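Computed from the coordinates by the stated procedures, all read-outs in this text should not be read as laboratory data. Predicted model only: the values in this text are computed from it and were never measured. Don't worry about glycine lacking a Cβ; one is built from the backbone with ideal geometry, like all the others, and counts go over all protein chains shown.
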Amino acid sequence: MPRTPSSPLLLAGLLAGAAVAHAVAPEKFDATVPRSLPGTPRQWTYASGVAELALAAGVAHPRTRRVAALATAAFFVGVFPANVKMAVDARRRSPAVRAVAVGRLPLQVPLVLWARSVSRGAVRD
């Protein structure tokens, strides 16, 4: 994604929207939490929502944007296993559900690249 003045705010908005979704409809996210993780899926759902909200705030603020955008790129890499689990779990679901689940996998790449681009465009103090 090209660096534009609005790009960091769009990324922050995406993260904030995802954070709200984790709080409003946690069941959908609970199902994607790998069972090998300690604790309950709901704890991970809420923790990832809180992380997204913190990242959104960091990306939105020019002073913290560079570090927050790099952390966002790492976060997008870190949640990839949940997307893989979603795709695996969708094998026996409808074709539409399978298509959405599998279609999410390659979307992580542009998200990571977008966050890295935002970090490179940030002002260094």
Using the eigenvalues of the Cα gyration tensor, what equivalent ellipsoid semi-axes result for segment 7-121 when each is taken as the square root of five times the eigenvalue, whole Å, largest first? 25, 16, 12
Checking understanding here: applying a Kyte-Doolittle mean of at least 1.0 and a length along the axis of at least 24 Å (C-alpha), which whole DSSP H helices in the chain pass? 7-24
Label-to-label distance, nm, for residues given as residue 102 and residue 42 (7 Å Cα→Cβ offset): 3.4 nm
Where does the chain land at 222 nm, in deg cm²/dmol rounded to the nearest 500, when only DSSP H runs of n ≥ 4 count, each adding -39500 (n - 2.57), divided by all residues? -25000 deg cm²/dmol
